[in-house]
Amino acid sequence: MEALLERITESSADFYRRVDLSGLCDGELAELCQILQLSLSYTDLAKIREIYAEWGRNPTDLELSLIDRFWSRNHFLDGTIEHEVDGEAETIDSLFHTYLFEVSQRIVDSKPTDVFLTDQGESRYIKLDEQLAVSLRSGSPGDEGTPIATMRACCIDRRNGVPSNFEKGIEPGLPNIERIYFGKAYRDTPQTFQGNVTVIPQDEIKLRNSGAGLLDELYEVAETYRCEVVESEDHILKLIHQGETIFELDRSKMVRDTKRIRQSVWKRKTRGDTQVFKLDDPLGDVLKSILSDRAVASRSSYTEAAKEGLSGTVAPVLNSDSSVAVALSLLPEWGKTDPYAMGTASVDRCVRQLIVSGANPDRIALLQNFKAGSIEEPEQLGALVESVKGIAKASEVFRAPFVTLSDSLSIVDGSIPLTALISGVGIVEKDAHVVPNSLQNSKSILAMIGSTENPLGGSVLARKVGLTDACVPETNLRKNLRLYRTLYDGIKCGWIQSAYSVEEGGIAVALAKMGFSRECGLDINLNELPIGGKLSKTSMLFSESPGRVLIEISAKDAHMVEALFAGHSFGRIGCATPEHRNLAIEWEGQTLIDKSLVSLQKVWESSLSINS
């Protein structure tokens, strides 16, 4: 990638360089957008090239960056989309404005004024306490605030290894939250996401309506680098450095074509039923196979910074009684067959991880990042539309807005599935609310909250056995929110000793990974497991139904916890025991799994060795 930038860079100064866009093909324009971390598409860059050709010069990277910010508030999908899903047609005017901007604005307007701040660039900060606010952003931290956590995610083929830039920007001594997804579709086009969480004094945030947005940004650049800002009567903005124009913006030319009508389509790719699926293989062997799978196995051989098995991570803040929970959610497998379900489940998982870590459900904010192949293809655009609709629906139900009103859509030169990363932060108001996700006591009670459903679509098991057209689970957002709020009440009462968000691999994997942390065993009986309808033993153990949390409680608090969750999906499913070191799971008198936790842990830790 850097070779391209070196080839097209004409000259460089201390803080900018001129970029020759002439002669670049669409793929190279898309590659340049990635190099410069622009949310522009290659078609946007092609239009910018035409404008600067009329002006008889090449743009600077500073111009491209500022134009990117200017246009990001009016994304190129602001035009009309004629969308068809399963034969039903609808017309959408401005996809991101309708489903991200307007939804987030409604949420913020409905919240008390002590929850969010919005700066002049329409970026949001969530208040930590009376003095500090929290910023969640893509890319590197920059100069704003004090970093408290970093985030990394990548989608790669297992044989490629982690990209060389994956560890860049990690701050030593700070929590680093990572997700790695392995898929053959990313063999030629590995994808990386980077983000950061910082805290900033509230009085340093330039609040909305205190300035003129882009013009203020230009004055900041001018002050830093001793430039002159010129605004003509016909509203052309210029930035002059030592007699040379390094930024020029003609607002009349820099308006995206919102008249364009795009076609998008999405057709159901699943059977439409939820048949009961059964496996003949011994379930203990199935568990071992799933623990060794690329989606579940330990990442320690790929990256030293990996946080193994974490539902979410809590970052402490110096000189504050509050801390910040951070979480990531990435579900490309779901998006292959049902991008709307991927959207709702991704937000649900991220919010669940934050609350499981101790965050207040009313003080959560989200960040979206999308990567896709050419959205000029109706089906690719259709997948994006459905995903955005699902994400927006979940955001509104959970009343968790997006922190930036600009989208983060990167168009990839290559064929990859629609990939959506949802990041989130939540305020943990007291140290006592921080909930570990590993077993804390060798004699405690384990309970499951949330219902296990039959569909296996999108799960690790479905992929391993070839269930490519199986239905993915539906996410009951309102039911889950009520459950999460009740869980938070239990956390505030001090009744939840530990909690684990059930995700890849289902209940069996969650129990195993929770049990890796203590010198004890787990005696589990699934007779009281909350379920929805008729389930096979396979679905019971390995379904990845959203909305479920495995919790650890003490015997003395058990009755109070049961009373707290009255009316919710709740069931005692077993206990920790010092009598042995096995994961022993029974159901209706049958032994489903009885495996040594030590042997299971070895499988989990060794399966993703780079040399394996």
- Count, please, the residues in the range 523-540 that happen to be open to solvent by less than 60 Å² (accessible area, probe 1.4 Å), part of a helix (DSSP H, G or I) and either touching a helix residue (DSSP H, G or I) at 6+ places or on another chain (Cβ under 8 Å) or of a type in the set (Phe, Trp, Tyr) (or both). 3
- Among the residues of the range 90-130, write down those that are over 24 Å from ASP68 (Cα atoms), touching an Asp or Glu at 6+ places or on another chain (Cβ under 7 Å) and without any contact (Cβ under 8 Å) to a residue 24 or more places away in the chain. THR91
- Query: Could you say whether any residue in the range 62-76 is in a helix (DSSP H, G or I), at pLDDT 85 or above and open to solvent by less than 20 Å² (accessible area, probe 1.4 Å)?
  - Reply: yes
- Query: From the list ASP321, ASP293, ASP273, ASP234, which one is surrounded by fewer than 18 Cβ atoms within 10 Å (Cβ to Cβ), assigned to a loop (DSSP other than H, G, I, E, B) and at pLDDT 70 or above?
  - Reply: ASP321
- Message: If a residue must be touching a helix residue (DSSP H, G or I) at 6+ places or on another chain (Cβ under 7 Å), aromatic (Phe, Trp, Tyr) and either open to solvent by less than 10 Å² (accessible area, probe 1.4 Å) or within 10 Å of ALA149 (Cα to Cα) (or both), how many such residues does the range 170-199 contain?
- Response: 0
- Task: Tell me which of these ARG352 doesn't satisfy, since it passes every other one: (1) of a type in the set (D, E, K, R); (2) open to solvent by less than 10 Å² (accessible area, probe 1.4 Å); (3) over 14 Å from the mean Cα position of the chain (by Cα).
- Result: (3)
- Task: Being farther than 26 Å from CYS350 by Cα, open to solvent by 10 Å² or more (accessible area, probe 1.4 Å), touching a residue at least 60 places away in the same chain (Cβ under 8 Å) and in contact with a strand residue (DSSP E or B) (Cβ under 6 Å, 6 or more places away or on another chain) narrows it down to one of CYS520, CYS575, so name that one.
- Result: CYS575
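Residue-wise test of (1) at positive phi; (2) surrounded by fewer than 14 Cβ atoms within 10 Å (Cβ to Cβ).
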| position | (1), (2) |
| --- | --- |
| GLY567 | yes, yes |
| GLU579 | no, yes |
| LEU583 | no, no |
| GLU586 | no, no |
| LEU597 | no, no |
| LEU600 | no, no |
- Note on the structure: The residue that is modelled with the highest pLDDT, considering only those in the range 25-35 that are open to solvent by less than 20 Å² (accessible area, probe 1.4 Å) and touching a strand residue (DSSP E or B) at 6+ places or on another chain (Cβ under 8 Å), is LEU32
- Could you grab me the full set of residues in the range 200-216 that are touching a strand residue (DSSP E or B) at 6+ places or on another chain (Cβ under 8 Å), farther than 30 Å from ARG179 by Cα and either open to solvent by 60 Å² or more (accessible area, probe 1.4 Å) or modelled with pLDDT of 85 or more (or both)? GLN202, LYS206, LEU207, ARG208
- Note on the structure: Scanning the range 36-46 residue by residue, the ones that are surrounded by fewer than 17 Cβ atoms within 10 Å (Cβ to Cβ) and either within 20 Å of SER415 (Cα to Cα) or out of contact with any strand residue (DSSP E or B) (no Cβ under 9 Å at 6 or more places or on another chain) (or both) total 2
- Looking only at the range 120-141, count how many residues are open to solvent by less than 40 Å² (accessible area, probe 1.4 Å) and within 30 Å of CYS154 (Cβ to Cβ). 12
- Query: Of (1) under 30 Å from GLN105 (Cα atoms); (2) open to solvent by less than 10 Å² (accessible area, probe 1.4 Å); (3) touching a strand residue (DSSP E or B) at 6+ places or on another chain (Cβ under 9 Å), GLU429 satisfies all except one. Which?
  - Reply: (2)
- Could you list, in sequence order, the residues of the range 472-495 that are out of contact with any Asp or Glu (no Cβ under 7 Å at 6 or more places or on another chain) and either open to solvent by 50 Å² or more (accessible area, probe 1.4 Å) or assigned to a loop (DSSP other than H, G, I, E, B) (or both)? GLU474, ASN476, ARG478, LYS479, ARG482, ARG485, ASP489, LYS492, CYS493, GLY494
- Query: Taking the stated definitions as given, is SER501 at negative phi, open to solvent by less than 10 Å² (accessible area, probe 1.4 Å) and not acidic (Asp, Glu)?
  - Reply: yes
- Query: If we scan the range 6-20, do we find a residue that is of a type outside the set (Phe, Trp, Tyr), surrounded by 19 or more Cβ atoms within 10 Å (Cβ to Cβ), at pLDDT 85 or above and out of contact with any Asp or Glu (no Cβ under 7 Å at 6 or more places or on another chain)?
  - Reply: no
- Query: Here is a list of conditions, (1) under 23 Å from THR118 (Cβ atoms); (2) outside any helix (DSSP H, G or I), and VAL388 meets all of them except one; can you say which number that is?
  - Reply: (2)
- State whether one or more residues within the range 469-477 are more than 24 Å from ALA563 (Cα to Cα) and free of Cβ contacts under 8 Å to residues at least 40 places away in the same chain. no
- Test: GLY457 is buried (at least 21 other Cβ atoms within 10 Å of the Cβ), among the small types (Gly, Ala, Ser) and part of a loop (DSSP other than H, G, I, E, B): yes
- Query: What number goes with the only condition from (1) farther than 27 Å from PRO455 by Cβ; (2) among the hydrophobic types (A, V, I, L, M, F, W, C); (3) at pLDDT 90 or above that ALA306 does not pass?
  - Reply: (3)
- Set ASP119, ASP114, ASP109, ASP143: member being at pLDDT 85 or above, over 20 Å from ALA372 (Cα atoms), charged (D, E, K, R) and more than 21 Å from the chain's Cα centre (by Cα): ASP109
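The values are calculated or read from the model by the stated rules, or taken from the named source; none is laboratory data. Since we're looking at a predicted model, the values are computed, not measured. Virtual Cβ from ideal backbone geometry, glycine too; neighbours counted across all protein chains shown. We work out accessible area using only protein heavy atoms, side chains counted, and drop any ligands, DNA or RNA first. Shrake-Rupley method; radii C 1.70, N 1.55, O 1.52, S 1.80 Å.
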